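Enquirer: Okay, handing you the structure first.
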Amino acid sequence: QVQLVESGGGLVQAGGSLRLSCAASARTFSSRGMGWFRQAPGKAREFVAALSSNGGITDYTDSVKARFTISRDNAKKMVYLQMNSLKPEDTAVYYCAVSKLVVPVRIERHYDAWGQGTQVTVSS
């Protein structure tokens, strides 16, 4: 019965910023880690960022480190991905996911619920 709904995607010029939001319905949201993944055209889905259940620990793939920030608001059952200094290679469908674990994880098999995705397009 867990549902995740992403929003905030859109078209932005290189160097610009977007903030993605993910609304979760899970009753156990505050006890689960969360993650963001993305899939670019013609590419496999890849890990982007993850954080622990309380938001105290984060992890990022190297290509977005120092540009993206993952955060959460457990009272609102929301997770966010702030994306700054966007590059054309960031263009992808972005998905949020609920982890089975309390700590950040990168591997897809550790996630058991996924959102529908939101499109991010970065123009040159």
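The values are calculated or read from the model by the stated rules, or taken from the named source; none is laboratory data. On a predicted model such as this, the values are computed, not experimentally measured, just so you know. FYI the Cβ positions are ideal-geometry reconstructions off the backbone, even for glycines, and counts take in every protein chain you see. Ligands, DNA and RNA are stripped out before the accessible areas are found, and what is left, the full protein with its side chains, is counted by its heavy atoms. Shrake-Rupley method; radii C 1.70, N 1.55, O 1.52, S 1.80 Å.
Enquirer: How high is the relative contact order of region 68-111, in percent, counting Cα pairs under 8 Å that sit 6 or more residues apart?
Expert: Reported relative contact order: 24 percent.
Enquirer: Hey, quick one: spin label on LYS100, modelled 7 Å out along Cα-Cβ, who in region 36-57 has an amide N within reach, i.e. under 17 Å?
Expert: Under cut-off, by backbone N: 53.
Enquirer: So, one more: How high is the relative contact order of the chain, in percent, counting Cα pairs under 8 Å that sit 6 or more residues apart?
Expert: 36 percent
Enquirer: What residues have an amide H closer than 5 Å to that of LEU86, excluding those fewer than 5 places away on the same chain, when H is modeled at 1.01 Å from N in the peptide plane?
Expert: HN-HN under 5 Å from LEU86: GLY15, GLY16.
Enquirer: Round to a whole number: what % of the accessible area of the chain belongs to carbon and sulfur, probe 1.4 Å?
Expert: 49 percent
Enquirer: ³J(HN,Hα) across region 107-124 via Karplus (A = 6.51, B = -1.76, C = 1.60, θ = phi - 60°), whole Hz, x for Gly/Pro?
Expert: Listing the rounded values in order: 8, 4, 5, 8, 10, 10, 8, 9, x, 7, x, 9, 7, 10, 10, 10, 8, 6 Hz.
Enquirer: Compute log10 of I(q)/I(0) for the chain with the Debye formula, placing one identical point scatterer on every Cα and leaving out solvent, at q = 0.10, 0.20, 0.21 Å⁻¹, to two decimals.
Expert: -0.26, -1.06, -1.16
Enquirer: If you roll a 1.4 Å probe over the heavy atoms of the protein chains, what accessible area per residue do you get for the chain, in Å²?
Expert: On a per-residue basis, the chain sits at 51 Å².
Enquirer: Multiply the residue gap between ALA40 and ASN54 by 0.36 nm, knock off their C-alpha separation, and tell me the result in nm, one decimal place.
Expert: My answer for the length gained is 2.1 nm.
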